[in-house]
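Mind having a look at this structure? Questions to follow.
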Ligand code: SF4
């Protein structure tokens with residue numbers, strides 16, 4: 001059971017509450033995510049609709065899209081990824097600063113979709129780790145938003161030290177990401 005320290009005199013009652021640093025940082029991070037849309041085909045159009053006024057992603061603190069990997073923390077991969085694009089996608093991922101998260105939006109990004117061919121990557125998790133998969137061909141904006149809500153839950157609840165853990169280092173090593 002978590003031990004809660006005694007409230008110092010003068011710092012209790014109405015207007016005060018106790019929390020952990022991890023929860024406060026998680027809340028701030030989850031509501032100020034900067035997505036990098038890596039859109040290669042039709043699923044990208046659904047994302048454009050998600051950004052529009054009807055669905056309005058800015059309600060989640062995400063109106064600031066970034067096309068610079070170093071200024072973003074959520075990689076959204078939307079569309080068919082050819083095998084030739086794999087190394088480029090991996091380079092974009094490695095250029096993003098930690099902590100970072102990844103959503104595979106739609107069947108193509110998740111599994112290659114209907115394109116079971118010699119030239120198409122059968123899922124982006126062949127080259128980078130993925131946190132959330134959004135099914136559908138294409139997924140509707142509601143599904144993309146559902147994926148984003150799931151990412152927000154992950155971000156809120158991620159321990160501050162996770163990125164330094166041996167498990168996380170092992171995950172990166174599996175993908176040959178230093
Ligand atoms: S999942 Fe369907 S809609 Fe999305 S990029 Fe692939 S073919 Fe297009």
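Given the conditions (1) more than 16 Å from the ligand (Cβ to nearest atom); (2) in contact with a strand residue (DSSP E or B) (Cβ under 7 Å, 6 or more places away or on another chain); (3) more than 14 Å from residue 39 (Cβ to Cβ), and given that residue 177 satisfies all but one, which numbered condition is not satisfied?
(2) is the only condition that residue 177 fails.
Look at residue 12 and say whether it is surrounded by 10 or more Cβ atoms within 10 Å (Cβ to Cβ) and modelled with pLDDT of 90 or more.
The answer is no for residue 12.
Of the residues that make up segment 18-39, is at least one closer than 22 Å to residue 108 by Cβ, within 16 Å of the ligand (Cβ to nearest atom), touching a residue at least 12 places away in the same chain (Cβ under 8 Å) and part of a loop (DSSP other than H, G, I, E, B)?
No, because not a single residue in segment 18-39 is closer than 22 Å to residue 108 by Cβ, within 16 Å of the ligand (Cβ to nearest atom), touching a residue at least 12 places away in the same chain (Cβ under 8 Å) and part of a loop (DSSP other than H, G, I, E, B).
Another question about this same structure. For segment 85-92, indicate whether the set of residues that are outside any strand (DSSP E or B) and within 12 Å of the ligand (Cβ to nearest atom) is non-empty.
No, there is no match, as no residue in segment 85-92 is outside any strand (DSSP E or B) and within 12 Å of the ligand (Cβ to nearest atom).
So, residue 119, is that one surrounded by fewer than 21 Cβ atoms within 10 Å (Cβ to Cβ), over 17 Å from residue 39 (Cβ atoms), within 12 Å of the ligand (Cβ to nearest atom) and in contact (Cβ under 8 Å) with a residue 12 or more places away in the chain or not?
Criteria not met by residue 119.
Then there's this: If we keep just the residues of segment 67-84 that are more than 15 Å from the chain's Cα centre (by Cα) and part of a helix (DSSP H, G or I), which is surrounded by the most Cβ atoms within 10 Å (Cβ to Cβ)?
83
Hey, another quick one. How many of the residues in segment 122-148 are in a helix (DSSP H, G or I) and touching a residue at least 12 places away in the same chain (Cβ under 8 Å)?
The qualifying residues number 10.
Something else about it: Please go through segment 94-110 and pick out each residue that is touching a strand residue (DSSP E or B) at 6+ places or on another chain (Cβ under 7 Å) and more than 15 Å from residue 151 (Cβ to Cβ).
106
Do the conditions hold for residue 84, that is, is it under 17 Å from residue 129 (Cβ atoms) and at pLDDT 95 or above?
no
Just to be sure before I move on: is residue 64 away from the ligand (no atom under 16 Å from the Cβ), assigned to a helix (DSSP H, G or I) and farther than 19 Å from residue 125 by Cβ in the structure I sent?
For residue 64, the condition - away from the ligand (no atom under 16 Å from the Cβ), assigned to a helix (DSSP H, G or I) and farther than 19 Å from residue 125 by Cβ - is not met.
The values are calculated or read from the model by the stated rules, or taken from the named source; none is laboratory data. These numbers come from a predicted model, not from an experiment. Virtual Cβ from ideal backbone geometry, glycine too; neighbours counted across all protein chains shown.
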